[in-house]
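See structure below.
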Amino acid sequence: MMRVELPRPLAPGLGIRFDVAWHFPIPPYGGGRMGHVGSRFYELGQWYPRMAVYDDVHGWNTLPFLGAGEFYLEFGDFDVSLTVPAGFLVTATGALANPSAVRSAQERARLARAFTAPGQTAQVITRQEAIANATRRVPGTKTWRFTASAVRDFAWAAASGLRWDASTWDGILVQTFYHPDATPWEEANSMVRATLRHFSGALGQYPWPQISAVEGLVEGMEYPMVIYSPSLQKREDQYWVLMHELGHQWFPMQVGSDERRYPWMDEGFNTFADYDAAEAFFKGTAYADTVRRELLAAYDATAVPGSEQPMITKPDEVRQLYWTAYQKPALMLSILREAVLGREEFDRAFRDYVRRWKGKHPQPADFYRTMSNLTGRDLDWFWRNWIYTTARLDQAVDSVRAGADSAFLYLSNRGQMVLPVTVELRYADNTTETRSLPVEMWDLGSRFTYRLATAKRLSSVMIDPRRIYPDVARDNNSWKR
Ligand SMILES: [Zn+2]
């Protein structure tokens with residue numbers, strides 16, 4: 001951290017120019033976020049000095065990077081010139097400003113095909129060409145110039161000997177760069193393209209001219225317009241990493257939340273959106289039908305009383321970061337959508353949250369207020385349970401009593417978490433119906449008697465029939481005559 005004292009205070013609306021000379025030794029492997037292999041493959045990130053964020057909540061944000069918990073970055077415009085060996089291929093955050101100076105006529109012609117035949121993947125550098133390039137010596141250097149606006153970071157990759165596929169969706173260039181032996185990546189371009197379309201529909205249009213995915217040693221890392229992922233044999237795993245890093249183009253690349261303090265606002269919101277993307281991409285398969293259930297399995301395995309920590313805990317103090325920052329927020333938003341707000345209402349509000357906070361720095365309270373404002377609902381009780389506590393849910397049917405023209409369901413809330421109740425009613429004539437009881441039923445205490453106006457005989461009652469809740473004691477969820 002460097003502190004620079006200005007000769008005079010800087011008034012609002014004025015600017016100041018800094019010239020900074022620096023050097024950066026590229027580590028072989030930089031904390032899962034950058035690295036290089038030999039002298040012909042580089043994935044760069046976190047490589048230049050930048051301003052800390054000054055916001056209206058904390059002032060200067062100077063918390064150091066400690067590994068767990070990522071970055072809180074300011075948006076800006078970039079104009080970057082990179083001088084590399086002449087035989088290298090470079091991709092970066094932004095649009096290439098000088099293609100004719102650095103790309104061959106053949107590459108430019110093949111790339112143009114991606115625009116004239118949208119939705120089809122063009123091979124700009126084929127497997128054979130990549131293998132030949134890997135050992136070819138090209139004397140001299142070339143300077144690649146990239147420009148980008150309204151981005152919170154700048155990353156770049158440079159290598160020789162990579163395959164290069166390209167396609168477009170809605171005028172946006174989708175580029176994939178990979179080693180000749182990384183055969184799972186032959187599908188990567190269409191995976192990224194399909195997912196770009198999915199996320200643009202779900203969360204708002206992707207705002208930049210291109211997205212580049214680079215295959216290499218970095219296990220999965222996101223930068224504006226650039227994502228790093230390894231090659232993975234299992235198709236579902238390969239899709240998940242590419243898709244997850246692409247989802248970060250919305251959280252936090254557009255909605256610039258504070259990853260250093262609140263990873264659940266980017267990793268968690270992204271992971272929630274990821275399950276929708278995976279269900280859409282693999283639609284019609286057993287994987288799509290069951291993938292979200294792993295969140296409930298993770299709840300059983302990880303949300304252990306005494307060891308689980310609240311989601312709001314700072315990431316460098318969290319023992320189970322994957323649960324707290326990724327999976328639990330995904331489960332939380334799934335339940336908010338399915339059981340509290342309804343799909344249409346939630347999806348509209350969540351998308352509007354992205355639109356309202358694009359290019360800004362929402363704090364947790366900004367998210368709560370925005371969701372409340374967009375849905376007209378008081379959701380404080382929901383955030384309090386899920387984000388600030390480790391409250392657990394245990395809804396129960398204590399008993400059922402039949403009256404002349406009514407049935408009385410004696411329900412109880414035996415845990416500390418509150419949620420609405422969904423009951424499935426089965427009658428003696430074998431008909432069924434489902435009733436939804438609002439969360440306000442628990443306002444006056446943990447017991448509630450639901451009077452059901454019916455002359456029919458009930459044969460069974462079941463709470464949470466779709467099994468979407470992390471109910472810690474399911475054996476008390478049903479009643480049978
Ligand atoms: Zn992530």
remark   = From most to least accessible, 1.4 Å probe, no ligand or DNA/RNA atoms counted, His58, His248 line up as His58, His248
ask   = If r is the Cβ-Cβ distance from Asp429 to Ala453 and R0 is 22 Å, what FRET efficiency results, to the nearest 0.05?
value = 0.85
request  = Would you be so kind as to identify which of Tyr206, Ala298, Ala286 lies farthest towards the positive end of the dipole of segment 177-315, taking Lys and Arg as +1 and Asp and Glu as -1 on Cβ and the Cα centre as origin?
outcome  = Tyr206
inquiry  = What's the whole-number percent of alpha carbon pairs in segment 224-323 lying beyond 25 angstrom?
reply    = 26
query = Ordered by residue, what ³J(HN,Hα) values in Hz, to whole numbers, does segment 92-98 give under the Karplus form 6.51 cos²θ - 1.76 cosθ + 1.60, where θ = phi - 60° and Gly and Pro are x?
reply = 7, 4, x, 10, 6, 8, 10
key: Approximate shape of the chain as ellipsoid semi-axes (Cα gyration tensor, √5λ), whole Å, largest first   = 49, 27, 18
message = Contact order normalised by length for the chain, with contacts defined as Cα pairs under 8 Å and 6 or more residues apart; what percent is it?
response = 11
key: Ile468, Ile131, reordered so the largest accessible area comes first (probe 1.4 Å)   = Ile131, Ile468
note = When the charge dipole of the chain is computed with +1 on Lys and Arg Cβ and -1 on Asp and Glu Cβ about the Cα centre, the Cα farthest towards its positive end, among Gly445, Thr93, Gly268, belongs to Thr93
key: For the chain, size of Cβ-based charge dipole, Lys and Arg +1, Asp and Glu -1, in debye   = 500
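In segment 121-170, which chymotrypsin sites (Phe, Trp or Tyr not before Pro) are in a loop and have at most 10 other Cβ atoms within 10 Å, using DSSP for the loop call?
none
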key: Inter-probe distance in nm under a simple model that places probes 7 Å from Cα toward Cβ, at Lys314 and Ser100   = 5.4
inquiry  = What does the charge count around Ser459 come to, taking other residues whose C-beta lies under 13 Å from its C-beta (Lys +1, Arg +1, Asp -1, Glu -1)?
reply    = +2
key: Overall form of segment 1-68 per C-alpha gyration tensor (a/c, 1.5; a/b vs b/c)   = prolate
request  = Pull up all non-local amide H partners of Gly415: gap of 5 or more, or a different chain, and H-to-H distance under 5 Å with H placed in the peptide plane.
outcome  = Asp394
inquiry  = Using the Cα centre of the chain as origin and beta-carbon charges of +1 (Lys, Arg) and -1 (Asp, Glu), tell me which of Leu242, Ser229, Gly119 is placed farthest towards the positive end of the dipole.
reply    = Gly119
message = Just to be sure I understand the model, the point goes 7 Å from the Cα along the line to the Cβ. What's the resulting Asp398 to Val138 distance in nm?
response = 7.7
request  = Give me the accessible area per residue for segment 159-210, probe 1.4 Å, as a whole number in Å².
outcome  = 29
key: Residue-averaged 222 nm ellipticity for the chain, from DSSP H runs of 4+ at -39500 (n - 2.57), nearest 500   = -7500 deg cm²/dmol
query = Using a simple charge model, +1 on the beta-carbon of Lys and Arg, -1 on the beta-carbon of Asp and Glu, nothing else, what dipole does segment 270-394 show about its Cα centre, in debye to the nearest 20?
reply = 420
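Roughly speaking, to the nearest percent, how much of the chain's 1.4 Å accessible area is carbon and sulfur?
On the way: 11490 of 22170 Å².
Of all accessible area on the chain, carbon and sulfur atoms account for 52 percent.
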ask   = Could you give the distance between the Cα centres of segment 173-245 and segment 367-420, to the whole Å?
value = 39
key: segment 35-261, dipole about Cα centre (Lys/Arg Cβ +1, Asp/Glu Cβ -1), debye to the nearest 20   = 940
inquiry  = Multiplying the sequence separation of Asp55 and Thr116 by 0.36 nm and subtracting their Cα-Cα distance, what value in nm do you get?
reply    = 17.5 nm
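In Å², what does the accessible area per residue of segment 395-480 work out to with a 1.4 Å probe?
53
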inquiry  = Within 10 Å of each candidate Cβ there may be at most 14 other Cβ atoms; applying that plus a DSSP loop requirement, which trypsin sites (Lys or Arg not before Pro) in segment 271-336 survive?
reply    = Lys283, Arg319
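Leaving ligands and nucleic acids out of the surface, order Phe115, Phe78 by accessible area at 1.4 Å, largest first.
Result of the area sort, largest leading: Phe115, Phe78.
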remark   = The ³J(HN,Hα) series, computed from each phi in segment 82-90 with the Karplus coefficients 6.51, -1.76 and 1.60 at θ = phi - 60°, rounded to the nearest Hz and given as x for glycine or proline, is 10, 9, 9, x, 4, x, 8, 9, 10
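Find the all-direction average of the projected area of the Cα convex hull for segment 282-388, expressing the result in square nanometres with one decimal place.
On the way: hull surface 32.5 nm².
It is 8.1 nm².
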message = Let me cross-check Phe65: its accessible surface, 1.4 Å probe, with only protein heavy atoms counted, in Å² to the nearest 10?
response = 100
Theoretical gain in end-to-end length, Arg3 to Arg351 [0.36 nm per residue, Cα-Cα removed] = 121.5 nm
key: In order through segment 464-469: 3J(HN,Hα) via Karplus (6.51 cos²θ - 1.76 cosθ + 1.60), integer Hz, x for Gly, Pro   = 6, x, 7, 6, 9, 8
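The values are calculated or read from the model by the stated rules, or taken from the named source; none is laboratory data. Remember, it's a predicted structure, so these values are computed and weren't measured experimentally. Glycine also receives a Cβ, built like all others from the backbone with ideal geometry; neighbour counts cover every protein chain displayed. Accessible surface is based on the protein model in full, side chains and every heavy atom, while ligands, DNA and RNA are left aside. Shrake-Rupley method; radii C 1.70, N 1.55, O 1.52, S 1.80 Å.
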